[in-house]
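Below you'll find the structure, written out as structure tokens, and then a few comments.
The values are calculated or read from the model by the stated rules, or taken from the named source; none is laboratory data. Computed from a predicted structure; not experimentally measured. Here the Cβ positions follow ideal geometry from the backbone for every residue, glycine too, while neighbour counts run over all protein chains shown.
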Amino acid sequence: MNYDSTHIDDLIARYLAGEASDKEREELSLWMENSPENKKYFEGIRFVHDKAVASHRIVKVDVDKAWSKLSSQMTEIPVAAPLKKVIPLHKQTWFRVAASFIILMAVSAVLYFVSRPSASQSTIYAAVDSVTTSTIANTEITLNRYSKIIYNTKKSGRQQELELTGEAFIQVNHSDDTTLIVKAGETMIRDIGTSFNVRAYSDSATIEVFVQTGEVAFYTEQDAGITIKAGESGIYNKQEKKFYKPDAVDINAIAYKSRLFVFRGIPLGKAIAALNNVYNQKFELASANIVNCTITVTFDNETPAGIAEIIAETLGLQVTETGNSFVLSGECSRQP
């Protein structure tokens with residue numbers, strides 16, 4: 001039997017619509033058995049049809065009933081000659097074939113846009129109980145403990161985004177062809193060829209940026225923000241939604257990376273807090289009466305045990321190692 005392509009498309013359309021007669025079903029079955037290509041062609045159209053039906057709620061309309069109701073409300077108009085019988089649009093062969101191809105094209109387009117690669121791709125870098133350093137697209141990033149960065153790169157590669165939760169030191173190898181944006185909460189930091197630190201913990205009331213070299217723009221979508229240069233810090237108050245520069249810069253802002261701590265006449269309690277932000281082994285004070293003892297000391301890549309001994313020696317305290325902690329006790333008998 002010679003199978004015309006238009007005829008086959010009409011058979012498939014009637015079959016998928018549930019209107020094919022037994023004879024038409026048998027004819028379609030014979031055509032599919034005729035060659036693997038025929039069966040593959042049918043399965044392809046049925047797959048697209050089934051996907052379209054699954055994703056859309058189809059409302060069946062009784063066209064004849066609707067036409068009958070409409071006719072009863074119309075005023076009869078005399079005509080000069082009998083009109084030819086009108087075949088409803090939905091029953092015409094060409095309409096069924098066209099509808100099948102429209103469904104095929106529409107669903108194919110949807111599947112293409114859903115399955116195609118995203119215009120941007122993301123990679124997650126995280127630090128849990130230790131500081132980690134990674135190189136991402138020629139940018140060296142040191143993550144403090146319990147921090148996370150999501151790296152997004154646009155398809156064009158001209159804009160790179162780092163979405164930070166926690167704290168990170170970022171050393172940028174500047175390129176005129178690439179722009180780096182760091183997103184921290186609702187703020188953004190745009191690199192202008194530099195190295196800088198961002199502290200953006202979700203439970204903190206502020207977001208802090210310290211620039212070691214170069215310059216950055218620190219802003220939000222609603223506020224142009226401030227420009228921070230080498231040796232300066234910038235702070236964003238989340239509640240007030242305001243930017244400002246502090247009078248004094250935290251010289252230990254990147255101590256978690258460098259392991260260099262410089263304490264100059266600060267309360268012991270504040271020094272302990274800074275140390276506990278970096279080391280897994282904790283430092284504890286046995287009593288409140290030594291919290292405000294002032295200390296002047298420098299730690300350069302010392303071990304936690306070494307730090308505890310130096311503090312005790314400097315202030316005339318005793319140190320006891322308990323579990324994962326170093327407990328300092330006694331009275332401040334000496335001041336630096």
Working only within the range 246-286, note down all residues that are in contact with a Leu (Cβ under 9 Å, 6 or more places away or on another chain) and within 20 Å of Q318 (Cβ to Cβ).
-> L268, G269, I272, K282, F283, E284, L285, A286
Which of the residues spanning the range 291-336 are among the small types (G, A, S) and at positive phi?
-> G316, G323, G330
Scanning the range 283-327 residue by residue, the ones that are charged (D, E, K, R), in a strand (DSSP E or B) and either closer than 18 Å to N252 by Cβ or outside the structural domain of A271 (by TED's automatic domain parsing) (or both) total 1
Residue count, the range 210-225 (criterion: of a type in the set (G, A, S), in contact with a Ser or Thr (Cβ under 8 Å, 6 or more places away or on another chain) and outside any strand (DSSP E or B)) | 2
Where residues in the range 217-275 are in contact with an Asp or Glu (Cβ under 6 Å, 6 or more places away or on another chain) and among the β-branched types (V, I, T), which of them is farthest from D129 (Cα to Cα)?
-> T220
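Quick grid of which residues meet (1) exposed (fewer than 12 other Cβ atoms within 10 Å of the Cβ); (2) touching a residue at least 24 places away in the same chain (Cβ under 8 Å); (3) within 23 Å of R145 (Cα to Cα); (4) over 37 Å from the mean Cα position of the chain (by Cα):
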residue: A274; (1), (2), (3), (4): no, no, yes, no
residue: Y279; (1), (2), (3), (4): no, yes, yes, no
residue: F283; (1), (2), (3), (4): no, yes, yes, no
residue: I295; (1), (2), (3), (4): no, yes, no, yes
residue: I307; (1), (2), (3), (4): no, yes, yes, yes
residue: A312; (1), (2), (3), (4): no, no, no, yes
residue: Q318; (1), (2), (3), (4): yes, no, no, yes
residue: L328; (1), (2), (3), (4): no, yes, no, yes
residue: C332; (1), (2), (3), (4): no, yes, no, yes
